[in-house]
Amino acid sequence: MGHKNNLQQPGESRRSFIRSTAAAAAAFASAELMSAPARAQGKAPFAPGVLGANDRIAVAYVGTGNQGTNHLKSQKQNAAANNIVQAAVCDVYQKRLDRAREITGVKEPSAVRDYRRLLERKDIDAVVVSTIDTWHADVAVDALESGKHVYGEKPLSRYLDEGFRVYDAVKKTKKVFQVGSQYCTDDKYHKAAEWIRKGKLGPLVWAQGSYCRNNKNNSEWTFPIDPEANEKNLDWKMWLGRARKIPFSPEHYFSWHKFYAYNSGILGNLLSHTFLPLLMATGNPEFPRRVTCTGTRKVSTDREITDTTHLLAEMPSGLTFCVVGSTVNEQGLAEMIRGRKATIYLSSGQNRAELRPERVFAEEIEPEDFANPAKPGDVARLEKNFFDCIRTGATPAGNIDLALRAHSILSLAEISERTGMTVFFDGVTRKITTGDGRAMAAIDYNTVLPRGT
């Protein structure tokens, strides 16, 4: 299911391009990492390439749009607590790059529009990837192969095969990878997994969840166009990457979530946040066996992606997920996991979980309650988990095994939603089949499908 990279720097490969630019970047790095605040406090400079005596982690940021900026600000605020230094920033749009420089304080040589210039800097330990979905896999794989740890925004990648590319790179390099869904550190999901592993629910039967929201102007993922953006200050060719080539389009750049060329809509943007923690809460995340998904686009007709999605995913164990998403009605499903002997109810907006026995097993299973005052969905907590795992070698909350299984469900759901077919999957062979056993190709950048329902 491999996919050759079609991005080439004129006259040289990606790898040789990285090597050719590394020396200049590295020469500047050591001086910059000994920042003015550090010098003022008498701290030693960060040791290039390794975690020095002070264990400080040098971080580079690729993609500094809305979510990337959130990471810049959060990690700057918690830099001392996490013992990190913000070493470099990258974005294809100069205006966003300049803003990132202002936030982090990095000097001009450490602010670049081509991420490949950062990857062989020996002083950088970790990369935060907050690009458009179509770049998630390429940046992550290149960063991992360059010896960096990676915090990769959700979804894991745009398409199924790319998710396996990231997975294979993590396993090969043995670097820490964290997928960016902040709910993965919520204790209620870890408590649910503990209860399930202890057998308190018996065999799992089905689970449900949702991510639904609404706004009065029906403007979900419609963002204002910056009139200053043009092909002189925005590298349009680089931004498109593997996506189909079209003339410069400010609408596509600023409101890219509305188009299938760059993302899967509700599935990747919202339901990633549902599936990652809910799958983790089962205690034994599985690849799906069978996935079917429907989607409609009757209210938000200014886009290709659907505005309401319903997904069923059957696991080999027999557990079935029923998950829904909508951007035109905010009434979702209560989050719960049902077992033969008991059910777990996961509180919305709070770090609370309740275990309640089925009536016929009330004498055998004791009800239990769990509560933690910690704020649920805290991005800073997930970022801290990433940095802690780099130092300790522990498995991060949003680890690659969990990320790939959730990604497989959502990628297969897109195939089902857009082709109208139920699809079957084998996580060992990585093969997709139809109900009658015929092999089926995964959709990718070259697939031509209808705009939607």
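To keep it simple, each residue is scored yes or no on (1) farther than 27 Å from residue 268 by Cβ; (2) without any contact (Cβ under 8 Å) to a residue 24 or more places away in the chain; (3) of a type in the set (D, E, K, R).
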residue	(1), (2), (3)
72	no, no, no
82	yes, no, no
96	no, no, yes
113	no, no, yes
121	yes, no, yes
127	no, no, no
130	no, no, no
133	no, no, yes
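Of the residues 295, 241, 202, 283, the single one that is at positive phi and touching a strand residue (DSSP E or B) at 6+ places or on another chain (Cβ under 8 Å) is 202. With respect to the conditions (1) farther than 26 Å from residue 394 by Cβ; (2) surrounded by 17 or more Cβ atoms within 10 Å (Cβ to Cβ); (3) among the aromatic types (Phe, Trp, Tyr), residue 223 lacks only one, and its number is (2).
Quick grid of which residues meet (1) surrounded by fewer than 19 Cβ atoms within 10 Å (Cβ to Cβ); (2) more than 30 Å from residue 69 (Cβ to Cβ); (3) not charged (D, E, K, R):
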{"site": "342", "(1), (2), (3)": "no, yes, yes"}
{"site": "348", "(1), (2), (3)": "yes, no, yes"}
{"site": "353", "(1), (2), (3)": "no, yes, yes"}
{"site": "356", "(1), (2), (3)": "yes, yes, no"}
{"site": "364", "(1), (2), (3)": "yes, yes, no"}
{"site": "369", "(1), (2), (3)": "yes, yes, no"}
{"site": "376", "(1), (2), (3)": "no, no, yes"}
{"site": "384", "(1), (2), (3)": "yes, no, no"}
{"site": "387", "(1), (2), (3)": "no, no, yes"}
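Please count how many residues of segment 96-132 are over 23 Å from residue 387 (Cα atoms) and of a type in the set (Asp, Glu). Residues that pass the stated criteria total 4. So which residues in segment 121-160 are among the aliphatic types (A, V, I, L, M), part of a helix (DSSP H, G or I) and out of contact with any Leu (no Cβ under 8 Å at 6 or more places or on another chain), if there are any at all? Within segment 121-160, 139, 140, 141, 144 qualify.
Filtering segment 195-215 to residues that are over 24 Å from residue 271 (Cα atoms) and either among the aliphatic types (A, V, I, L, M) or touching a Lys or Arg at 6+ places or on another chain (Cβ under 8 Å) (or both) leaves 200, 201, 202, 203.
Candidates are the residues of segment 279-301 that are β-branched (Val, Ile, Thr) and in a strand (DSSP E or B); the one that is farthest from the chain's Cα centre (by Cα) is 296. Checking 281, 261 one by one, the residue that is under 22 Å from residue 93 (Cβ atoms) and of a type in the set (A, V, I, L, M) is 261 and no other. Residues that are of a type in the set (A, V, I, L, M, F, W, C) and in a loop (DSSP other than H, G, I, E, B): does segment 302-317 have at least one? The answer is yes; a qualifying residue exists.
Rule-based calculations on the coordinates, nothing more; no lab input. Quick caveat: nothing in here was measured; it's all calculated off a predicted structure. No Cβ is skipped: glycine too gets one built from the backbone with ideal geometry, and neighbour counts run over all protein chains shown.
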